[in-house]
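**Q** The following block contains the structure, expressed as structure tokens.
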Number of protein chains: 2
Amino acid sequence: MKRSDRLVGLTNFFVNNPQKLVQLSYFTERYNASKSSISEDLDIINEMLKYEGIGSLERFPGAAGGAKYIPNFTNENSIQFIQSLCEKLEDPSRILPGGYLYMSDLLGDPSIVRQIGKVFVSAFFKKEIDAVVTVETKGIPLAYAVADYLNVPVVVIRRNMRVTEGSSVSINYVSGRSQRIQTMVLPKRNLQEGMNVCIIDDFMKAGGTVTGMISLLEEFKATVVGIGVFAEAEDNNNERMIEQYTSLIKVSNLQNKDINVKYGSILQK
Amino acid sequence: MKRSDRLVGLTNFFVNNPQKLVQLSYFTERYNASKSSISEDLDIINEMLKYEGIGSLERFPGAAGGAKYIPNFTNENSIQFIQSLCEKLEDPSRILPGGYLYMSDLLGDPSIVRQIGKVFVSAFFKKEIDAVVTVETKGIPLAYAVADYLNVPVVVIRRNMRVTEGSSVSINYVSGRSQRIQTMVLPKRNLQEGMNVCIIDDFMKAGGTVTGMISLLEEFKATVVGIGVFAEAEDNNNERMIEQYTSLIKVSNLQNKDINVKYGSILQK
């Protein structure tokens, strides 16, 4: 097989298997090529991934060694993407009765969801993450987009006890804004004890939900190494219950129908 | 830029943007190359995508023309993948009290979810699909995996009316197995009228949920062109309410703890 063909096959393999260590022998057999040919291919791919600003191909020497695609997306692309989201979200027809912002169309677009995943992955770059945790429902696709690039599992916290999940740990917590008592449930089997996790959710107001998630995760002895929310609402009535988090966009003045959408904490660092 | 570099960049672009028509001028500018060079690159990529059994690069001539990656995955890979799932699911420790099967770990693995998406995409190949519809919660990642390869939006039916979604259409339906009355809600804004949709869900018993989804979709004048469920339960007590569907695996004898997992309808065609 020619180099040009191998480069297509190898590139497809790596971008579809981020953070997965693969031995070179897998490729020498698959493409019937020498180790030195494959090694040169990988050099070309590594240089081009860097040029495109989408990460790099890391090499690990030795018997158990191989190559691994480490996704990392340039800040420049993130800024452009977030800017375009802000413009879309500032449309006044998105304001719903009750002071909510309609964004289901954006979160229903798989390519936007994938982009959001890329931004979070780059924000959490170099952090050791064993699992991505979210709470149903709207954060789920975002959590999978992040987990996909990190090559780690997704754990979904439920709002109600499910009979189909086996024994579970549940907590009650006070929702920040409404001050109502709510429940969160996580089946014991779904998360091993002592993991490093990042929390992903679609929307944060006072931060009650995230605070609830952190409490529940403590029951699993998990360490929260990152918190990412797609949108945060600027809320002057309540103090934020969470200090350290990464948001892509910040929405304010929703109640007054004079909507204002700007960059979130991710670009204020 | 050299051909070898362009091939890496182009392959990455196409596998990350399935079903998206791109004009050749986009690439001639991006990589500072002639139209004939890019055209030769695309021929190489097309041949290699076919060789790898992951689809093809379609070319559209004319002023508004360009190239588009059409994902289509070989049956061979699907069979191998489904076989490995069956083996994993036959583990008796997966049987939960009440005769349920634990599969959250598999559906929490982004690479397995992506594979399931590939199988459905190939099963629905050549069907005109405008949107993928699912119902919360566990079908959501599968729906996004399918929609990602089809380049269409995901519409999530909710179990409860949400104040954050604006005016909605809701229906009541009778759950097949429990014979309980349940509710489904879809905000009006989330789905345009008259779309061709495919339904994706994680589990089907008698088919009550899917029947409910079809009723709700009728209110949006949608045409259901495909139904895909990850797992179906062989249920001798009830007749199946749905005739036409694609399942990856079929689970039986769960109640007796003598679990049996085999290929679903997808391999019986």
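Throughout, read-outs are computed from the coordinates displayed, never taken from laboratory work. Just so you know, these numbers come straight off a predicted model, no measurement behind them. Here the Cβ is made from the backbone with ideal geometry for all residues, glycine too, and neighbour counts use every protein chain on show.
**Q** Compute from the Cα atoms of chain B the Rg and the Dmax, the latter being the longest Cα-Cα distance, and quote both in angstrom.
**A** Over chain B's Cα set, Rg and Dmax evaluate to 21.1, 66 Å.
**Q** I need the semi-axes of the equivalent ellipsoid of the protein assembly as shown: take the C-alpha gyration tensor, multiply each eigenvalue by 5, square-root it, list largest first in whole angstrom.
**A** Over the Cα atoms of the protein assembly as shown, the semi-axes work out to 36, 29, 25 Å.
**Q** Please identify every one of the trypsin sites (Lys or Arg not before Pro) in segment A:173-228 that sits in a loop by DSSP and has no more than 15 other beta carbons within 10 Å of its own beta carbon.
**A** Passing sites in segment A:173-228 are A:ARG177, A:ARG180, A:LYS221.
**Q** Also, I was wondering about something else. Which net charge results for the neighbourhood of B:SER170, defined as the other residues with beta-carbon distances under 15 angstrom from its beta-carbon, given Lys and Arg at +1 and Asp and Glu at -1?
**A** Neighbourhood net charge equals +1.
**Q** Just to confirm my numbers, what's the Cα centroid distance between segment B:7-39 and segment A:56-93 in Å?
**A** Centre-to-centre distance over Cα atoms comes out at 19 Å.
**Q** Taking θ = phi - 60°, what integer Hz values does the Karplus form 6.51 cos²θ - 1.76 cosθ + 1.60 yield along segment A:217-228, in sequence order, with x for Gly and Pro?
**A** Result, rounded to whole Hz: 5, 4, 5, 9, 6, 7, 9, 7, 9, x, 10, x.
**Q** Take every residue in peptide A:93-102, count the Cβ atoms of other chains within 10 Å of its Cβ, and give the average of those counts.
**A** 3
**Q** Most exposed first by the Cβ proxy, i.e. fewest other Cβ within 10 Å, how do B:LYS118, B:LYS50 rank?
**A** Fewest-to-most ranking of B:LYS118, B:LYS50: B:LYS50, B:LYS118.
**Q** Once you list every other residue whose beta carbon is under 14 Å from the beta carbon of B:PHE27, what net charge do they have if Lys and Arg are +1 and Asp and Glu are -1?
**A** Every neighbour counted, the sum reads +1.
**Q** Oh, and also: Eight or more residues apart or on different chains, and alpha-carbon atoms under 20 Å: count the Lys pairs in segment B:1-122 matching that.
**A** The result is 10.
**Q** Give the long-range amide H neighbours of B:ASP201: residues separated by 5 or more places, or on another chain, with amide H under 5 Å away, using H modelled in the peptide plane at 1.01 Å from N.
**A** Under 5 Å from the amide H of B:ASP201: B:GLY228, B:VAL229, B:PHE230.
**Q** Can you give me the long-range amide H partners of A:GLY55? Hydrogens built in the peptide plane at 1.01 Å from N, cutoff under 5 Å, separation of 5 or more residues or another chain.
**A** Placed amide hydrogens put A:ASN72 under 5 Å from A:GLY55.
**Q** Shifting gears a bit: Between the label point of B:LYS221 and that of the same position in each other copy, find the distances and list them shortest first in nm, with every label point placed 7 Å from Cα along the Cα-to-C-beta direction.
**A** Label-point separations across copies, in nm and ascending: 5.9.
**Q** How far is A:ARG30 from itself in the other copies, in nm, if each label sits 7 Å out from Cα along the Cα-Cβ line, shortest first?
**A** Inter-copy label distances (nm, one decimal, shortest first): 2.2.
**Q** Follow-up question, since we're still on this one. Select from B:GLN179, B:GLN192, B:GLN115 the residue whose mean-square fluctuation is largest in a Gaussian network model of chain B (Cα-Cα springs shorter than 10 Å).
**A** B:GLN179
**Q** Which distances, shortest first and in nm, link B:PHE125 to the matching position in the other copies, using label points set 7 Å out along Cα to C-beta?
**A** Label point to label point, same position, other copies: 3.8 nm.
**Q** For A:ARG159 and A:SER36, compute 0.36 nm times the residue count separating them, minus their Cα-Cα distance, and round to one decimal in nm.
**A** The A:ARG159-A:SER36 span can extend by a further 38.9 nm.
**Q** Using DSSP, restrict attention to beta bridges with both residues in the protein assembly as shown and report what percent are antiparallel, rounded to the nearest 5.
**A** The answer is about 50 percent antiparallel.
**Q** Quick one: which residues, 5+ away or cross-chain, put their amide H under 5 Å from the amide H of B:VAL155? H built at 1.01 Å from N.
**A** It is B:VAL132, B:VAL133, B:THR134, by chain and number.
**Q** Now for a different question. Could you list B:LEU150, A:LEU106 so that the one with the fewest beta carbons within 10 Å of its beta carbon is first and the one with the most is last?
**A** Listed from fewest to most nearby Cβ atoms, that is A:LEU106, B:LEU150.
**Q** If you don't mind, another one. When the helix-only estimate is applied to chain A (DSSP H runs of n ≥ 4, each -39,500 (n - 2.57), divided by the residue count), what is the mean residue ellipticity at 222 nm, nearest 500 deg cm²/dmol?
**A** It comes out at -11000 deg cm²/dmol, rounded to the nearest 500.
**Q** At q = 0.18 Å⁻¹, what is the log10 ratio I(q)/I(0) for segment A:1-141, with the Debye formula run over Cα points and no solvent?
**A** -1.08
**Q** Another question, then. Please give me the summed charge of the neighbours of B:ASP148: other residues whose Cβ is under 14 Å from its Cβ, Lys and Arg +1, Asp and Glu -1.
**A** +3
**Q** Tell me, what ³J(HN,Hα) does each residue in segment B:188-194 have, in order and in whole Hz, if you take phi through Karplus 6.51 cos²θ - 1.76 cosθ + 1.60 with θ = phi - 60° and put x for Gly and Pro?
**A** Those phi angles translate into 4, 5, 6, 9, 5, 6, x Hz.
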